[in-house]
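K.L.:
One structure coming up, written as structure tokens, with questions to follow.
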Amino acid sequence: MESKNLTKIFESFNKLKVLIIGDIMLDVYYWGDVSRISPEAPVPIVAVRQKESRMGGAGNVAINIQAMGATPILCSVIGDDSNGERLIKILEEKKLSTDGIITTKDRPTTTKTRIISSNHHIVRIDDETDEIIGDKQSKRLLAEIQKFIKRGKIDVIIFEDYDKGVISADLIKNVIALAKKHKIPTVVDPKKRNFTAYNEVTLFKPNLKELREGLGVDLQAGDFKHVQLVTEQLRKKQKIESVLVTLSEHGVFINSEKEKKLVPAHVRNISDVSGAGDTVVSVAALCCALHLSPYETAYLSNLAGGQVIEKVGVAAVDKKQFLKEALQFMNGK
């Protein structure tokens, strides 16, 4: 990529419309200080000085897409509860559409509460269910997805699957068929339950743990020959165009018909890896929408994921900083 082309690519992101299907979550943060141990039990006492609520899961993907200048459209299911109301309020504050959000009394809003002191997680509390949504909600969700695809041009579809029950095998099959009919690329951030249901997608982005669990294989991050063999088998069996595996400090590995390469990670001051995968899949999807090569897609998404791990908590990519870094690394600086 030349500097001029890279700048044009970043400008082109602004014109894209992205449909995001999956598990939206509420991330609650308690920031505080620890100065003593509880007299009731050998645990630290956190004196809370700040509380914050953010969107996580598919919501964090939407925020990353928006941060890159594109237009995200979320399709998900939340609970008819106070945390669901907080999520809707956050969506409205960020000027994101709530049209694709379905509310139900049958399940709670997935909520993850993190208690943090001195930039370190003390504990995380999860309030959630992982049961598949009922047929009624699933049909409503598919109807919303069909409506968005038929209403206006969708440039790429992201499945943001956290195994919390919003995405089912039937939904996957129906949406992929619809995407193929309308020639829309599909990008997947998978988990174990639906791992083998994603057939004939454009890009499949598991991390190493998800790859191990999804295929039931013993796989080491540094064994790149084995990673290549496993991803090649996966790509051919499920008829996937490209498999992009994130390998933490080793970078990412891209396997497509024409390219099988490791993209090394850049040296970073790691503060928090939460949400890095959301950033990677967001940038990868935008690259797929622009029909960039698998290697270009891997390189840019790897760089974006590296940027956000330097921030505490689930954070979105900074587009200006991202472009600046991309230009610097491209020019060998």
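The values are calculated or read from the model by the stated rules, or taken from the named source; none is laboratory data. What you see is a predicted model, and the numbers here were worked out from it, not measured in a lab. Cβ atoms come from the backbone with ideal geometry, glycine included; neighbour counts cover every protein chain shown.
K.L.:
For region 198-209, which residues satisfy the criterion of being closer than 30 Å to GLU249 by Cβ and without any contact (Cβ under 8 Å) to a residue 60 or more places away in the chain?
P.N.:
Listed by number, the residues that qualify are TYR198, VAL201, PHE204, PRO206, LEU208, LYS209.
K.L.:
Taking the conditions exactly as written (hydroxyl-bearing (Ser, Thr, Tyr) and touching a Ser or Thr at 6+ places or on another chain (Cβ under 7 Å)), does SER117 satisfy them or not? First the steps, then the outcome.
P.N.:
On the way: hydroxyl-bearing (Ser, Thr, Tyr): yes; touching a Ser or Thr at 6+ places or on another chain (Cβ under 7 Å): no.
When the stated conditions are applied, SER117 does not pass them.
K.L.:
Then there's this: Go through the residues of region 10-20 one by one and say whether even a single one is more than 30 Å from VAL188 (Cα to Cα) and among the acidic types (Asp, Glu).
P.N.:
Scanning region 10-20 turns up no residue that is more than 30 Å from VAL188 (Cα to Cα) and among the acidic types (Asp, Glu).
K.L.:
Which is touching a Ser or Thr at 6+ places or on another chain (Cβ under 6 Å) and either buried (at least 18 other Cβ atoms within 10 Å of the Cβ) or modelled with pLDDT of 95 or more (or both), of ALA265, ALA289, ALA284, ALA298?
P.N.:
Result: ALA284 is the single residue among ALA265, ALA289, ALA284, ALA298 that is touching a Ser or Thr at 6+ places or on another chain (Cβ under 6 Å) and either buried (at least 18 other Cβ atoms within 10 Å of the Cβ) or modelled with pLDDT of 95 or more (or both).
K.L.:
If VAL314 meets every condition in (1) in contact with a helix residue (DSSP H, G or I) (Cβ under 9 Å, 6 or more places away or on another chain); (2) in a loop (DSSP other than H, G, I, E, B); (3) at pLDDT 95 or above apart from one, which number is that one?
P.N.:
For VAL314, the exception is condition (3).
K.L.:
Please specify each residue of region 78-133 satisfying the condition of being in contact with a Pro (Cβ under 9 Å, 6 or more places away or on another chain), under 14 Å from MET55 (Cα atoms) and assigned to a strand (DSSP E or B).
P.N.:
Scanning region 78-133 gives a single hit, ILE78.
K.L.:
Same structure, new question: Can LEU26 be described as out of contact with any Asp or Glu (no Cβ under 8 Å at 6 or more places or on another chain), crowded, with 19+ Cβ neighbours inside 10 Å, without any contact (Cβ under 8 Å) to a residue 40 or more places away in the chain and closer than 20 Å to VAL166 by Cα?
P.N.:
Spelling it out, it is not the case that LEU26 is out of contact with any Asp or Glu (no Cβ under 8 Å at 6 or more places or on another chain), crowded, with 19+ Cβ neighbours inside 10 Å, without any contact (Cβ under 8 Å) to a residue 40 or more places away in the chain and closer than 20 Å to VAL166 by Cα.
K.L.:
Do you know which residues across region 149-186 are touching a helix residue (DSSP H, G or I) at 6+ places or on another chain (Cβ under 8 Å), outside any loop (DSSP other than H, G, I, E, B), without any contact (Cβ under 8 Å) to a residue 60 or more places away in the chain and not aliphatic (A, V, I, L, M)?
P.N.:
Result: ASP170, LYS173, ASN174, THR186.
K.L.:
Tell me which of these PRO72 doesn't satisfy, since it passes every other one: (1) assigned to a loop (DSSP other than H, G, I, E, B); (2) modelled with pLDDT of 95 or more; (3) not small (Gly, Ala, Ser).
P.N.:
(1)
K.L.:
Let me ask another. Go through region 134-148 and give me each residue that's within 26 Å of ARG193 (Cα to Cα), assigned to a helix (DSSP H, G or I) and not hydrophobic (A, V, I, L, M, F, W, C).
P.N.:
ASP135, LYS136, GLN137, SER138, LYS139, ARG140, GLU144, GLN146
K.L.:
Within region 1-56, work out how many residues are assigned to a loop (DSSP other than H, G, I, E, B), touching a Ser or Thr at 6+ places or on another chain (Cβ under 9 Å) and within 22 Å of ARG114 (Cα to Cα).
P.N.:
1
K.L.:
Would you say THR98 is crowded, with 17+ Cβ neighbours inside 10 Å, of a type in the set (S, T, N, Q) and on the phi < 0 side of the Ramachandran plot?
P.N.:
When the stated conditions are applied, THR98 does not pass them.
K.L.:
Considering region 214-244 alone, what residues qualify as being in a helix (DSSP H, G or I) and within 18 Å of the chain's Cα centre (by Cα)? Working first, answer last.
P.N.:
Narrowing region 214-244 to residues in a helix (DSSP H, G or I): 214-215, 224-237.
The one that is in a helix (DSSP H, G or I) and within 18 Å of the chain's Cα centre (by Cα): GLY214.
K.L.:
Hey, any hits in region 216-225 for a residue that's surrounded by fewer than 17 Cβ atoms within 10 Å (Cβ to Cβ) and modelled with pLDDT of 95 or more?
P.N.:
Checked region 216-225: no residue is surrounded by fewer than 17 Cβ atoms within 10 Å (Cβ to Cβ) and modelled with pLDDT of 95 or more.
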